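Here the structure comes first, spelled out in structure tokens, and everything after it is commentary.
The values are calculated or read from the model by the stated rules, or taken from the named source; none is laboratory data. These numbers come from a predicted model, not from an experiment. Please note: Cβ atoms are built from the backbone with ideal geometry, for glycine as well, and neighbour counts cover all protein chains shown.
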């Protein structure tokens with residue numbers, strides 16, 4: 001029990017949550033939590049805490065730090081028929097997600113400060129939960145890096161392979177220069193680590209051969225595309241001192257270069273998604289185009305090594321790659337015409353809590369993967385990702401015993417097409433609280449929270465940068481050219 005950070009005894013807290021099971025990355029214990037001005041001020045036995053304006057009794061429920069999903073596509077602006085900031089963050093709230101990081105492949109691509117500022121305005125007007133925005137890292141943004149950071153980003157996204165939006169993949173030479181430019185800033189570069197030239201060549205040949213079935217998408221992107229891309233990105237990061245994050249790890253094969261890079265001291269983190277842990281090629285016939293995603297869902301023998309990598313820390317966190325499309329865009333007969341991706345921000349927590357119930361991971365480890373590790377990797381801890389005095393009161397209050405079935409038609413995303421339809425899960429989010437404000441209460445979205453989400457870039461505090469080989473950067477060796 002603690003009284004650290006408590007208001008004075010004559011001062012009332014805004015909210016007192018009682019009788020819940022508090023779950024951190026280290027322990028689970030029964031305690032009450034006092035919240036004032038959007039922050040946790042104390043937790044402990046209710047008799048030691050201040051009186052409150054409101055008391056919420058959560059007997060029988062677990063109190064988790066809200067999940068931080070570092071990988072979503074809310075499609076706004078440009079593709080709002082698929083999703084927008086209001087529907088995407090509503091889905092996040094139903095999934096116990098209190099902070100999201102949105103990718104830059106919208107229309108226009110987030111490559112300049114002006115476009116970024118416009119996207120901030122859109123998000124601020126609609127978001128129910130807190131958010132960070134990525135900027136693209138490529139030839140189109142190289143001259144805008146400082147301005148993008150000043151305008152407010154959570155990190156940069158580099159597309160090494162093609163995906164929705166067809167953002168050009170930089171050459172290795174351009175990647176090296178980009179890494180050289182980012183390393184001194186300390187910002188993290190998130191990478192879609194698939195080698196574009198291999199995939200483009202194979203897809204062209206498969207199309208020409210009339211190969212149009214769902215499994216042909218997997219054939220176009222064998223695991224070697226990830227192995228090569230992770231190795232290349234890790235080498236460039238090691239040389240420059242840039243911080244990198246490997247997105248959506250899908251295969252056992254890319255774990256080797258990831259682990260080796262970590263062992264060499266490369267500042268690299270990695271994520272995987274529920275679909276790589278729980279779906280496989282065995283699900284293609286049933287799900288058809290709805291399972292198409294980049295990287296693809298792979299053979300069953302990839303699942304156990306990825307689970308093991310989560311356990312060992314080779315993979316640092318869980319994300320979703322929430323990538324919504326309409327049912328019509330997912331149900332086309334030719335796999336190459338199917339848009340890649342599906343919704344996930346609402347289903348991640350129940351899917352992973354089901355794994356907890358099945359004994360695959362512990363509840364404490366899940367908290368580390370879904371909240372603490374993302375916050376630490378992106379410089380938000382302990383303001384986010386923790387249940388500590390002084391932390392933002394971002395909470396997911398969950399009924400761990402609830403059993404229910406995922407129904408695509410009941411998802412709160414605009415997308416109603418996923419490979420999870422009909423799957424039984426354990427764990428239902430009852431309340432989602434963001435900075436002390438109920439966004440989801442008793443399973444109902446609170447409409448007044450539209451537009452209350454805030455950007456987290458102004459609270460981000462990355463560790464000091466550690467650039468390397470600064471005297472050998474392209475800028476350094478060309479600085480005095482022609483003099």
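Here the condition is being closer than 21 Å to residue 249 by Cβ, touching a residue at least 40 places away in the same chain (Cβ under 8 Å) and either surrounded by fewer than 22 Cβ atoms within 10 Å (Cβ to Cβ) or under 20 Å from the mean Cα position of the chain (by Cα) (or both); of 177, 203, 194, 231, it holds for 194 alone. Here residue 315 does not fit the description of being in contact with a strand residue (DSSP E or B) (Cβ under 6 Å, 6 or more places away or on another chain), at pLDDT 95 or above, assigned to a helix (DSSP H, G or I) and on the phi < 0 side of the Ramachandran plot. Selection of region 318-330 for residues being surrounded by 24 or more Cβ atoms within 10 Å (Cβ to Cβ), part of a loop (DSSP other than H, G, I, E, B) and more than 15 Å from the chain's Cα centre (by Cα) yields only 325.
Of all residue pairs spaced 6 or more apart or on separate chains, those with beta-carbon atoms under 6 Å, a first member in region 375-388 that is at positive phi and a second member that is at pLDDT 95 or above and assigned to a loop (DSSP other than H, G, I, E, B) are 379/460; 379/461; 379/462. Each residue in region 331-350 was checked for being part of a helix (DSSP H, G or I) and over 13 Å from residue 411 (Cβ atoms), and 4 pass.
Write out, first by first residue and then by second, each pair whose Cβ atoms fall under 6 Å of each other, whose residues are 6+ apart or on separate chains, and whose first residue, in region 265-280, is touching a residue at least 60 places away in the same chain (Cβ under 8 Å) while the second is in a strand (DSSP E or B) and surrounded by 22 or more Cβ atoms within 10 Å (Cβ to Cβ). Close Cβ pairs satisfying both conditions: 267/243; 269/245; 271/317. Just one of the listed residues (295, 222) is in contact with a helix residue (DSSP H, G or I) (Cβ under 7 Å, 6 or more places away or on another chain) and either more than 28 Å from residue 186 (Cα to Cα) or crowded, with 18+ Cβ neighbours inside 10 Å (or both), and it is 295. For region 68-99, residues that are closer than 11 Å to residue 344 by Cβ and within 12 Å of the chain's Cα centre (by Cα) total 6.
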